[in-house]
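The values are calculated or read from the model by the stated rules, or taken from the named source; none is laboratory data. The model shown is predicted, which means the values in this text are computed figures rather than measured ones. For neighbour counting, all protein chains shown are included, and Cβ atoms are generated from backbone atoms with ideal geometry for every residue, glycine included. For the accessible areas, the whole protein counts, side chains as well, though only heavy atoms, and no ligand, DNA or RNA atoms are used. Shrake-Rupley method; radii C 1.70, N 1.55, O 1.52, S 1.80 Å.
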Amino acid sequence: MITTLRVQTSGPGLYDFTAAVEDALSDMNLAEGLLTLFVRHTSCSLLIQENADPDVLADLNEFFRRLVPHTDEASMSWVRHNSEGPDDMPAHIKAALTQTSLSIPFRNGAMMLGTWQGIYLFEHRDRPHRRDVVVHIGG
Amino acid sequence: MITTLRVQTSGPGLYDFTAAVEDALSDMNLAEGLLTLFVRHTSCSLLIQENADPDVLADLNEFFRRLVPHTDEASMSWVRHNSEGPDDMPAHIKAALTQTSLSIPFRNGAMMLGTWQGIYLFEHRDRPHRRDVVVHIGG
Amino acid sequence: MITTLRVQTSGPGLYDFTAAVEDALSDMNLAEGLLTLFVRHTSCSLLIQENADPDVLADLNEFFRRLVPHTDEASMSWVRHNSEGPDDMPAHIKAALTQTSLSIPFRNGAMMLGTWQGIYLFEHRDRPHRRDVVVHIGG
């Protein structure tokens with residue numbers, strides 16, 4: 001079964017959409033199998049990360065901001081692709097460094113996430129975006 | 001169904017092989033399911049990225065070249081594994097930072113890629129290589 | 001079929017558990033399909049890498065240690081999440097830069113790994129940990 005989830009973002013950072021994935025899975029009424037997420041964009045990405053301390057999410061975003069600064073900063077003057085704004089090429093790079101697809105086994109109708117794992121859409125663009133994540137659920 | 005695609009490379013950079021994956025899928029005559037790519041090497045990798053502006057691909061390659069320079073540069077003097085040339089250990093590191101496997105849902109016989117998404121073999125070695133990518137297509 | 005493997009770690013580095021995955025697959029008696037690994041933690045990760053020269057594994061670990069130093073080093077003074085020790089937030093970042101899930105096609109009952117590919121648990125914490133990796137095997 002395939003369905004598509006929409007995640008609304010408002011600037012760089014991690015957006016928890018675990019509950020929406022759980023809803024999609026429970027709609028299926030399947031006991032055991034594999035759930036795969038696929039994001040249909042190249043300037044945001046997917047990440048499974050700790051859902052306990054919000055500082056972890058802020059620190060993750062800050063690490064990537066420092067590793068891949070906006071292209072109006074001197075250290076990024078080598079970048080050619082600037083036509084879509086100083087946050088666009090860094091967004092593609094951050095997406096390359098993280099995930100476009102993720103697969104999670106499920107049993108007894110529930111994803112086998114660890115205690116502290118949440119599913120995140122990692123937005124890398126500055127402006128608000130609507131992001132589509134395809135969910136494939138197989139037996 | 002499993003098949004293997006071969007991608008010929010000629011130095012570092014991103015090689016679009018979306019059309020070959022589409023052909024493998026259409027050979028299957030399956031309407032809906034999950035397609036998984038797996039690269040059988042540790043010095044190149046897989047990436048889904050923007051297929052509109054070639055500068056994006058050049059910038060991606062350049063970012064990784066700067067993040068992980070060849071081991072004959074001073075900043076990489078700590079590297080031990082040098083027996084296969086100054087581009088080999090950086091290639092393993094770049095592969096670790098990107099993807100060995102990717103999964104893409106398909107429907108109506110077509111992969112659900114976003115408008116600007118292409119599938120790339122990311123070559124990290126300097127010399128030409130023949131790279132094998134396994135394609136698994138499941139219902 | 002779903003099973004869980006446990007990997008015991010003793011500090012940062014790459015732990016080869018290819019043989020345990022092979023055993024789980026041969027227990028299944030399935031000829032062809034897709035095997036997916038999922039790690040139930042956010043401070044370690046999964047990686048497929050070269051299994052020939054142990055220096056490659058040491059260099060990989062060292063690269064990530066230099067890219068994401070412990071938070072008691074000056075370059076990481078911006079980190080907020082310090083309550084679980086100077087190795088915890090770097091561990092989350094290193095996990096984000098590598099993989100939480102991996103998919104590997106198999107045929108004739110054997111994973112289609114390349115000649116030099118091994119499957120590793122990449123531990124990012126300083127203290128010993130028991131790490132759970134879920135294995136999903138589908139036809």
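Evaluated with a Cβ-only charge set (Lys, Arg +1; Asp, Glu -1), the range C:2-138 carries a dipole of roughly 420 debye about its Cα centre, given to the nearest 20.
Its relative contact order, with pairs defined as Cα atoms under 8 Å and 6+ residues apart, puts the range C:28-113 at 53 percent.
Based on the convex hull around the alpha carbon atoms, the protein assembly as shown presents an average projected area of 18.4 nm². Protein heavy-atom accessible surface, 1.4 Å probe, per residue over the range A:2-138: 37 Å².
In degrees, nearest 10, range 0 to 90: what is the angle between the Cα axis of helix B:18-28 and the longest Cα principal axis of chain B? Computed tilt is about 40 degrees. Across the range B:91-134, the fraction of Cα-Cα pairs farther apart than 11 Å, rounded to a whole number, is 76%. Projected onto its three principal axes, the C-alpha set of chain A covers 53, 29, 21 Å, listed from the longest axis down. Taking the accessible area of chain B, probe 1.4 Å, and keeping the other protein chains in place, the carbon and sulfur fraction comes to 44%.
For chain B, the longest principal axis of the alpha carbon atoms and the long axis of helix B:88-97 meet at an angle near 50°. For the protein assembly as shown, the dipole from Cβ point charges (+1 on Lys and Arg, -1 on Asp and Glu) about the Cα centre works out to 460 debye, to the nearest 20. In this label model, A:D72 and A:N29 are separated by 5.5 nm, measuring between points 7 Å along each Cα→Cβ vector. Treating each Cα of the range B:41-106 as an identical point scatterer and summing with the Debye formula, the log10 of I(q)/I(0) at q = 0.12 Å⁻¹ comes to -0.37. The magnitude of the dipole of the range A:14-87, with charges of +1 and -1 set on the Cβ of Lys/Arg and Asp/Glu and taken from the Cα centre, is near 460 debye. Compactness check for the range B:27-75: Cα Rg over 2.2 N^0.38 Å is 1.71.
Summed over both chains, the contact between A and C buries some 2600 Å² of accessible surface at a probe radius of 1.4 Å.
Are there any residues in the range B:50-67 with a reduction of at least 30 Å² in accessible surface when going from the isolated chain to the assembly of protein chains? Probe 1.4 Å, please list them by number. Output list: B:E50, B:D55, B:V56, B:D59, B:L60, B:F63, B:R66, B:L67.
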